[in-house]
Amino acid sequence: MRRLRHVLVANRGEIAVRILRTARALGLRTTAVYSEADATAAHVSLADAAVLIGPPQVSASYLNTERIVAAARRVGADAVHPGYGLLSENPAFARACQAAGLCFIGPAPETIELMGNKGRARIAMHAAGVPCVPGYDGADQSDATLLREATTLGFPLMVKAAAGGGGRGMRRVTEPAALPEAIARARSEAQSGFGDGRLILERAIDGARHVEIQVFADAHSNVIHLGERDCSVQRRFQKVIEEAPSPAVGAELRARMGAVAVLAARRSGYLGAGTVELLLAPDGSFYFLEMNTRLQVEHPVTEALTGLDLVEWQFRIAQGEALPLTQADVHLHGHAIEARLYAEDPAHGFVPQTGTIARLVLPSGQGVRIDHWLAPGQEISAHYDPLLAKIIAHGVDREQARLRLIAALAALRVLGLRTNQAFLGEVLAHETFASGAAATDFLDRHFVHQPSAAPTTHALVAAALCFLKRAPTVTSYATETEGFTNCVGLGWPMTIEVDEQRHELRVTPDGRCREYRVRVGEVEVLATLAAAATDSVSVVVDGVRLRFDFAWVAEQLWLHTPAGPLCLRDVTHAASDATQARGSGRALAPMDGSVVDVPVRPGDSVTRGQTLAVVEAMKLELRIAADMDGVVHAVHVQRGDQVKARQLLVELQAMQA
């Protein structure tokens, strides 16, 4: 037994907040670490102490083993909790903690080395008799060998980073011609994210479900599982919706899957919390994918079903305590579903977003839980994962949990940047998900988001708000000048831009009742702002009164709509072509990030759609393509450069006739 007294949390964001709260409830002293970009983050203020460990770049701060261990020594911590992601599955970090006399809250470094690597884990599970997806996990990582093995496996197949997880370094390939680029991109992401560019290949099983088993093991040879979670709703191989139990798993299948997961934990000498990920085929067969040697993002749904605090279990096991339950004592109650709120734009390929949270309203209610790190004024930068929060709903059955989660999402307000809030609501309401039939190809089959024009109503509401902001005294202007002019009622012309689309409108204020009649073409709305209404506006459309919440970020108006947060601008006095970039020959950075690749040089001939640059932001590589045929005129960046949103990367010239 080793009684812990002081824990340093080697992570950030919502998981750091989650761990700190349990640690404090257990009476532990807590220390946070933070980068320069996170100086005002929630986990910093929540901890008893906090240590600055470096600049915003993750490689120089949250992935810097020496600085984190030095911080733990400086404050006198006796334990380190790595959370998930970052260094949580890094055996070298676990060894460094042990060498410094720190208790690493997780399995032994040797176990992480074995099971935290997809390739080595596959080999070990094969030897243990655990069924694995057919694939290649050999030491020869040459392109020629990978291409040859892929041909043997057949298509479609998966290219995966051997180290790490979270969907990074993963590609689905449907034809041989696409394989070389998939290998190159996956290897690049793996090396950047995990410091290990090794890859494995696996046969893709269409129509399968992604089901994972939560396991726990103590130092007294006790190993149990806490049921399964269904994580089939994914995009870019990153989970979006998770639930427990799985709609596709009954008691008999749960027992068989659980037995395999327990076997995997025993054979690897496991200690603490872990997750065995399995692929459940349509015919009921299942295969080992990997083992996550850490806590999972989706652990709250298991906590909701069991009533347990899994982080508390991690601490107690690390102290040498035995598991408090046997397998027979584990009972699952009701159903729980978790939705991941990301800073991303579903209408434009789920591109990660940056911004400042101008307004935050979190839902509450029976069975609703929110794990987050957000606060008004919080800056969401491009340096880290775009996960903002997790909204979890628990009910007596799946339908109650689903409806509670839909209601919670509808009540959520995060203004100041784009999120996937509305998209999550659409997924939960879709008949395939509602029926429990969603497999891993669900989003690809049913959700192909394309940019669409914002309803005119939104532009009309924005015009009224922009008018009030631009001329706050004009509300009394009409009354004061009514006896001196014959132009009363003609209104003020305005131009409102929404997603690079412009709306010409006319605003007519009534200073006596703070009402604005706003017209575009034949459409008109009556907008009313109550004297105390600084964050919402009501409008009447065809006799129906609607309410919209809003917030200002400098000159940008953020409006909450059923389609999600919408950014609008008053461009009445801007040049008519100020924002037009389509067909311009100018490749701009979509957001803040770092340049991973620039595959073109001045003088190269390119075609529309060809990659001009690759920028990494928020754990994702973003491909910037040519918007016209042409010749490369200038390249303004090189690999490794840090760039800002809308920074010019590459310029093209039209080809001479």
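The values are calculated or read from the model by the stated rules, or taken from the named source; none is laboratory data. The shown structure was predicted, so the numbers you read here are calculated from the model rather than taken from an experiment. Positions of Cβ are generated from backbone atoms using ideal geometry, with glycine treated the same way; all protein chains shown enter the neighbour counts. The protein model used for the area step is the full one, side chains on, heavy atoms only, and it has no ligands, DNA or RNA in it. Shrake-Rupley method; radii C 1.70, N 1.55, O 1.52, S 1.80 Å.
Please list D629, D309 in order of solvent-accessible area, largest first, computed with a 1.4 Å probe with all protein chains present. If you can, show how the numbers build up before the last one.
On the way: D629 85, D309 45 Å².
Largest to smallest exposure gives the sequence D629, D309.
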key: Helix-only CD estimate at 222 nm, as mean residue ellipticity for the chain, using -39500 (n - 2.57) per DSSP H run (n ≥ 4)   = -7500 deg cm²/dmol
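Decide, for the stretch 268-307, between rounded, prolate and oblate: order the square roots of the alpha carbon gyration tensor eigenvalues as a ≥ b ≥ c, take rounded if a/c falls under 1.5, and otherwise choose prolate if a/b is larger than b/c, else oblate. Display every interim value, and only then the final one.
Numbers: a/c = 2.59, a/b = 1.31, b/c = 1.97.
It is oblate, given that a/c is not under 1.5 and a/b is not larger than b/c.
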remark   = Each label sits 7 Å from Cα toward the beta-carbon; between A407 and R256 the label points are separated, in nm, by 3.8 nm
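Rank these residues by their accessible area, most exposed first, probe 1.4 Å: Y516, Y136. Display every interim value, and only then the final one.
Values: Y516 0, Y136 30 Å².
Putting Y516, Y136 in descending order of accessible area: Y136, Y516.
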key: Highest to lowest packing among 108-114, 290-296, scored as the average C-beta count within 10 Å   = 290-296, 108-114
message = 7 Å from Cα along Cα→Cβ at both I123 and H430: what's the point-to-point distance in nm?
response = 3.9 nm
query = If you roll a 1.4 Å probe over the chain with all protein chains in place, what percent of the accessible area is carbon or sulfur?
reply = 51 percent
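Give the shape of the stretch 1-78 as rounded, prolate or oblate, defined through the alpha-carbon gyration tensor: a ≥ b ≥ c are the square roots of its eigenvalues, a/c under 1.5 means rounded, and otherwise the shape is prolate if a/b is larger than b/c and oblate if not. Intermediate values should be presented prior to the final figure.
Values: a/c = 2.18, a/b = 1.39, b/c = 1.56.
Oblate is the answer for the stretch 1-78, as a/c is 1.5 or above yet b/c matches or exceeds a/b.
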request  = Figure the gain on full extension for E515 and A654 (residue separation times 0.36 nm, minus the Cα-Cα span) and round it to one decimal in nm.
outcome  = 45.0 nm
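For F104, F155, give the ranking by accessible area with the largest first, probe 1.4 Å.
Accessible-area ranking of F104, F155, largest first: F155, F104.
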note = Protection proxy (average C-beta count within 10 Å per residue), highest first, orders 242-249, 640-647, 201-208 as 242-249, 201-208, 640-647
remark   = Once the in-chain neighbours fewer than 8 apart are removed, the aspartates and glutamates whose Cα is under 14 Å from K644 read D592, E616
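R0 = 25 Å: FRET efficiency of V396 with F447, Cβ-based, nearest 0.05?
Computed FRET efficiency for V396 and F447 comes out at 0.30.
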task = Express in Å², to the nearest 10, the accessible area of W492 obtained by rolling a 1.4 Å probe over the protein heavy atoms while all chains stay in place.
result = 90 Å²
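Test of understanding: what is the full-extension gain from S538 to E36, defined as 0.36 nm times their sequence separation minus their Cα-Cα distance?
Working: separation 502, 0.36 × 502 = 180.72 nm, distance 4.05 nm.
Working it through step by step, the gained length comes to 176.7 nm.
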note = If each part is reduced to its alpha-carbon centroid, the stretch 379-457 and the stretch 335-352 end up apart, in Å, by 6 Å
key: Shape category assigned to the stretch 179-312 from the gyration tensor of Cα positions, a/c cut at 1.5   = prolate
request  = May I ask you to give the solvent-accessible area per residue for the stretch 125-184, in square angstrom, as obtained with a 1.4 angstrom probe?
outcome  = 43 Å²
ask   = How many nm separate the modelled label positions at E175 and R545, each set 7 Å beyond the Cα in the direction of the Cβ?
value = 5.8 nm
query = Could you name the lysines in cross-link range of K118, using Cα to Cα under 24 Å and dropping any fewer than eight places away on the same chain?
reply = K160, K239, K619
query = Roughly how many Å² of V51 are accessible to a 1.4 Å probe, to the nearest 10?
reply = 10 Å²
Virtual paramagnetic centre 7 Å along Cα→Cβ of S605, amide N under 19 Å, in the stretch 625-644 = 626-634
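Provide the gained length on full extension for the span D196 to E312, in nm with one decimal, where the gain is 0.36 nm per separating residue minus the Cα-Cα distance.
Working: separation 116, 0.36 × 116 = 41.76 nm, distance 3.16 nm.
Computed gain between D196 and E312 is 38.6 nm.
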query = Leaving out ligands, DNA and RNA but keeping every protein chain, what accessible area does S605 have, in Å² rounded to the nearest 10, with a 1.4 Å probe?
reply = 80 Å²
query = Of the peptides 333-339, 541-547, 169-175, how do they stack up when ordered by the mean number of other Cβ atoms within 10 Å, highest first?
reply = 333-339, 169-175, 541-547
key: Distance-filtered residues of the stretch 181-201 - backbone nitrogen under 15 Å, label point 7 angstrom along A92 Cα→Cβ   = 191-198
